[in-house]
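Colleague: Take a look at the following structure, please.
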Amino acid sequence: MKNHKIKGGSYISQKELAEALKVNFPSVFSDGKIDPEKLKLALGEDYQLANEHYGLSWAGKSSCFEEIQKGTTATLKSNEEESVDFDKTGNAFIEGDNLEVLKVLQRSYYGKIKCIYIDPPYNTGNDFIYNDNFRKTRKEELEDSGELDENGDLTRADGLSANRKDSNGHFHSDWLNMMYPRLFLARNLLKQDGVIFVSIDDNEVHNLRMIMNEIFGEENFVAQIIWEKKFSPQNDAKYLSDNHDYVLLYCKNKENWKPNLLPRTDENNKRYSNPDNDSRGSWASSDLTVKRVTPKDIYPIKTPNGREALPPKGRSWSMSLNKFNDLVRDNRIWFGKSGGNMPRIKTFLSENSDGIVSTTIWKHKEVGHNQEAKQELKKLFEDVATFDTPKPVRLIKKIIFLSTNKEDIILDFFAGSGPTAQAVMEQNAEDNGNRKWICVQLPEKCNEKSEAFKAGYKNIAEIAKERIRRASKKIKEETENKVDLGFKTFKLDKSNFKIWQGKFKDGKNLFSALDDFIDNLETGSTQKNILYELILKSGLDLDILIQEKDFKGPVSAEATSGKEKYYNLGDGKLIIYLGDKISKEMGEFFQNLKPEKIICLERAFQNNDELKANILLQAEQEDIDFKVI
């Protein structure tokens with residue numbers, strides 16, 4: 001048997017434990033202190049929230065933690081026909097409920113995502129939300145919201161339900177119940193220097209700030225960015241023309257994240273000039289005072305024309321007298337052309353050329369607006385309006401530029417029409433990057449009266465996939481850089497393995513179930529789908545290098561039965577054999593490859609317990625983890 005290794009670290013003290021909790025579970029803190037009620041919920045205990053000290057409570061919040069703790073047996077099944085360059089790409093489009101998908105991705109992508117961008121339903125009272133009401137069955141919820149036809153049949157089989165202010169007493173609660181588990185699970189996927197951007201409007205921005213403070217920690221809030229979504233006033237507005245939305249920005253750990261500087265533009269450089277012909281080139285001047293009263297930094301300065309200057313009341317010079325004199329000698333202080341102005345400090349363009357810090361107001365001229373987003377999508381679809389509320393690609397490209405480097409992974413689990421995938425591919429084409437994207441979208445049904453439905457698109461996921469294909473083709477035609485413009489398509493589905501239910505009325509049903517589990521694979525399971533389920537459950541990425549081989553050498557054209565075929569993953573770190581029969585020779589062959597892990601199906605041993613025991617023992621002696629599924 002393998003030895004259990006004793007950890008070399010010392011026991012974590014209470015202070016260290018509290019710090020570890022704050023890093024990994026900021027949601028259990030309230031006013032800087034551990035909240036026992038929240039801690040019990042986070043650990044999955046059966047506990048109902050009592051009165052909160054400070055924070056946001058709503059109907060169903062306790063059940064959010066139950067949902068977070070609830071596992072899933074679901075998997076992702078590949079669809080090569082709907083993909084582009086399936087065997088070469090590192091990008092992935094996943095069709096299915098994003099809550100379940102986030103659970104499926106936990107093992108493989110925990111702590112690996114650098115940037116998450118989402119554009120969730122804004123809860124305007126006119127849109128649909130994901131049906132995660134924990135107090136009712138889906139049918140009950142749809143009955144309450146009027147989403148049944150006159151025969152009592154469900155009209156929203158895609159899992160969405162209306163959330164209307166005038167007919168729902170839990171209007172805000174239902175939206176929060178949808179968002180909380182998803183954001184909680186999304187935080188798990190972020191790297192320690194990872195960030196999340198969330199688009200939102202005035203309907204729920206206040207509630208979203210509260211739950212994100214709880215999940216990510218108030219100390220990890222960075223900004224509530226204002227995005228100018230319209231380029232002109234809306235004159236038919238009842239009160240004021242709402243020309244902006246928000247993008248909330250939080251970090252996994254703000255101390256670990258440093259945003260990239262934006263490239264300088266001609267507009268940024270206009271303020272630089274060289275009126276005194278300084279040999280160091282163009283410069284701009286800035287205030288030399290600060291808003292504080294520090295007596296030692298309040299001293300008279302004699303200007304070149306003899307005037308005496310002092311800081312305004314309530315302010316001090318930003319530096320000591322000695323430092324000021326050093327800057328004068330270096331010709332870095334400007335007193336104006338007349339020599340009698342208040343002193344200002346010079347900043348040279350040559351010393352400030354790396355870039356500029358982003359502001360919290362994003363104008364439509366730099367990141368696009370709603371109309372631009374609709375037009376760029378219509379252009380891709382030959383003037384067909386396939387989606388009502390897309391985001392401009394330039395907006396998401398700015399997010400990607402600010403927050404990622406060339407090898408990072410970007411996740412969008414409310415993918416909509418797919419602008420995030422397009423933005424990542426365009427950014428890669430511009431800077432020759434190798435960023436990967438993962439997009440998740442529910443197959444939300446298109447309205448039968450919509451242009452999209454009339455054009456042949458039955459759901460939003462179909463629109464997104466087609467958009468990405470068309471954008472990929474367009475980018476390929478326009479760039480010389482060889483970047484990844486493909487994507488693997490996956491669909492959320494039940495496991496390829498039979499799930500043991502564990503509840504039986506009598507012995508007859510029990511024995512029937514045992515007979516059924518002699519072969520634990522579901523009918524119709526393909527090797528490719530089993531392979532990807534094992535990849536995910538082994539904690540490996542969807543873009544892992546997969547080599548299909550035969551245990552006697554490369555796969556031959558005749559090896560179509562799959563009985564001797566195996567998969568070499570991650571340059572030999574993992575061997576997966578999904579054939580119907582394994583032999584002693586095959587076991588030795590796999591072990592001689594020196595992988596870290598080998599996986600095969602129980603059926604491969606064909607009830608030969610002696611062979612199974614020998615192969616497992618030999619693998620253990622070679623320090624190879626041999627798993628039998």
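The values are calculated or read from the model by the stated rules, or taken from the named source; none is laboratory data. Source: prediction; values computed, not measured. In this analysis, Cβ positions are derived from the backbone assuming ideal geometry, glycine residues included, and neighbour counts consider all displayed protein chains.
Colleague: Quick one: in segment 367-412, of everything that is at pLDDT below 95 and β-branched (Val, Ile, Thr), which residue is surrounded by the most Cβ atoms within 10 Å (Cβ to Cβ)?
Modeller: Thr386
Colleague: I need every pair where a residue in segment 256-283 that is free of Cβ contacts under 8 Å to residues at least 24 places away in the same chain has its Cβ under 9 Å from the Cβ of a residue that is small (Gly, Ala, Ser), sequence separation at least 6 or different chains.
Modeller: If the second residue must be small (Gly, Ala, Ser), the pairs left are Arg271/Ala284; Ser273/Ser282; Ser273/Ala284; Asn274/Gly281; Asn274/Ser282.
Colleague: Next question. Among (1) surrounded by 15 or more Cβ atoms within 10 Å (Cβ to Cβ); (2) modelled with pLDDT of 85 or more, there is one condition Asp35 misses while meeting the rest; what is its number?
Modeller: Every listed condition holds for Asp35 apart from (2).
Matching residues to (1) more than 21 Å from Asp245 (Cα to Cα); (2) among the charged types (D, E, K, R); (3) within 15 Å of the chain's Cα centre (by Cα):
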residue: Glu376; (1), (2), (3): no, yes, no
residue: Lys397; (1), (2), (3): no, yes, yes
residue: Ile410; (1), (2), (3): yes, no, yes
residue: Gln427; (1), (2), (3): yes, no, no
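Colleague: Out of (1) assigned by TED's automatic domain parsing to the domain that holds Asn447; (2) modelled with pLDDT of 85 or more; (3) of a type in the set (Gly, Ala, Ser), the odd one out for Gly125 is which?
Modeller: Only one criterion in (1) assigned by TED's automatic domain parsing to the domain that holds Asn447; (2) modelled with pLDDT of 85 or more; (3) of a type in the set (Gly, Ala, Ser) is unmet by Gly125, namely (2).
Colleague: Right, next: If you check Thr420 against the conditions, is it outside any loop (DSSP other than H, G, I, E, B) and either among the aromatic types (Phe, Trp, Tyr) or not assigned by TED's automatic domain parsing to the domain that holds Pro311 (or both)?
Modeller: For Thr420, the condition - outside any loop (DSSP other than H, G, I, E, B) and either among the aromatic types (Phe, Trp, Tyr) or not assigned by TED's automatic domain parsing to the domain that holds Pro311 (or both) - is met.
Colleague: Here's a follow-up. If you take the residues of segment 170-224 that are surrounded by fewer than 23 Cβ atoms within 10 Å (Cβ to Cβ) and among the aromatic types (Phe, Trp, Tyr), which of them is farthest from Ser27 (Cα to Cα)?
Modeller: Taking the candidates together, the pick is Phe171.
Colleague: Can you give me the number of residues within segment 379-406 that are in a loop (DSSP other than H, G, I, E, B) and within 15 Å of Ala423 (Cα to Cα)?
Modeller: Residues flagged as in a loop (DSSP other than H, G, I, E, B) and within 15 Å of Ala423 (Cα to Cα) within segment 379-406 amount to 6.
Colleague: While we're here: Can you tell me which residue within segment 351-364, out of those that are modelled with pLDDT under 95 and not in a loop (DSSP other than H, G, I, E, B), is farthest from Pro419 (Cα to Cα)?
Modeller: This residue is Glu351.
Colleague: Which pairs have Cβ atoms under 9 Å, sit 6 or more apart or on different chains, and link a residue in segment 215-242 that is among the aromatic types (Phe, Trp, Tyr) to one that is in a loop (DSSP other than H, G, I, E, B) and surrounded by 17 or more Cβ atoms within 10 Å (Cβ to Cβ)?
Modeller: Phe216/Lys252; Trp227/His369; Phe231/Asn243; Phe231/His369
Colleague: Also, quick follow-up: Do you know which residues across segment 364-392 are among the small types (Gly, Ala, Ser) and touching a residue at least 60 places away in the same chain (Cβ under 8 Å)?
Modeller: Ala385
Colleague: Anything in segment 83-132 that is over 21 Å from Ala464 (Cα atoms), assigned to a helix (DSSP H, G or I) and among the charged types (D, E, K, R)? List them, or say none.
Modeller: Within segment 83-132, Lys103, Arg107 meet the criteria.
Colleague: For segment 602-623, how many residues are closer than 11 Å to Ser583 by Cα and not in a helix (DSSP H, G or I)?
Modeller: 2
Colleague: Could you list, in sequence order, the residues of segment 55-82 that are farther than 30 Å from Arg209 by Cβ, β-branched (Val, Ile, Thr) and not in a loop (DSSP other than H, G, I, E, B)?
Modeller: If the condition is that a residue be farther than 30 Å from Arg209 by Cβ, β-branched (Val, Ile, Thr) and not in a loop (DSSP other than H, G, I, E, B), then Thr75 is the only one that fits.
Colleague: Can you name the number of the only condition in (1) over 19 Å from Lys491 (Cα atoms); (2) part of a loop (DSSP other than H, G, I, E, B); (3) touching a residue at least 60 places away in the same chain (Cβ under 8 Å) that Met425 fails?
Modeller: Among (1) over 19 Å from Lys491 (Cα atoms); (2) part of a loop (DSSP other than H, G, I, E, B); (3) touching a residue at least 60 places away in the same chain (Cβ under 8 Å), the lone unmet condition for Met425 is (2).
Colleague: Name, by its number, the condition in (1) in a loop (DSSP other than H, G, I, E, B); (2) within 18 Å of Tyr117 (Cβ to Cβ); (3) small (Gly, Ala, Ser) that does not hold for Ser241.
Modeller: Evaluating Ser241 over (1) in a loop (DSSP other than H, G, I, E, B); (2) within 18 Å of Tyr117 (Cβ to Cβ); (3) small (Gly, Ala, Ser) leaves (2) as the failure.
Colleague: Please work out which one of (1) under 21 Å from Ser273 (Cα atoms); (2) crowded, with 17+ Cβ neighbours inside 10 Å is the condition Gly339 fails and give its number.
Modeller: (2)
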